[in-house]
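The values are calculated or read from the model by the stated rules, or taken from the named source; none is laboratory data. This structure is a prediction, so every number in the text was calculated from the model and none was measured. Every residue, glycine as well, gets a Cβ built from its backbone with ideal geometry; the counts of neighbours run over all protein chains shown.
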Amino acid sequence: MKSGDLVKIKRAGIGVPEDTLGLIIRCSPTSMLTAKGLQICEVSPLGTHRIVRRIDWDLEVINKGS
């Protein structure tokens, strides 16, 4: 996953229901999760001005960005 990818958020959160579409703003590996190959991604749900953080396994890529 990388910046610009359109994703579906598979884990609900406060104000962000399951299966919400969003745009990845930034992904960065964390030192704790790097050994497992995980990333924490900042996602902007479509239609909002919010940014939420999700682990990459909670996201499903719909369309890859350029």
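Some values worked out for this structure:
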item: Residue that is surrounded by the fewest Cβ atoms within 10 Å (Cβ to Cβ), among those in the range 41-66 that are modelled with pLDDT of 80 or more and closer than 10 Å to MET1 by Cα; result: LYS64
item: Long-range neighbours under 7 Å by Cβ, at least six apart or interchain, first residue part of a strand (DSSP E or B) within the range 12-30, second surrounded by 13 or more Cβ atoms within 10 Å (Cβ to Cβ) and among the small types (Gly, Ala, Ser); result: GLY22/SER44; LEU23/SER44; ILE25/SER44
item: Subset of the range 43-60 [in a strand (DSSP E or B) and either closer than 12 Å to THR20 by Cα or out of contact with any Leu (no Cβ under 9 Å at 6 or more places or on another chain) (or both)]; result: VAL43, SER44, PRO45, VAL52, ARG53, ARG54, LEU59, GLU60
item: Matching residues, the range 1-40, being at pLDDT below 85 and among the small types (Gly, Ala, Ser); result: SER28, SER31, ALA35, GLY37
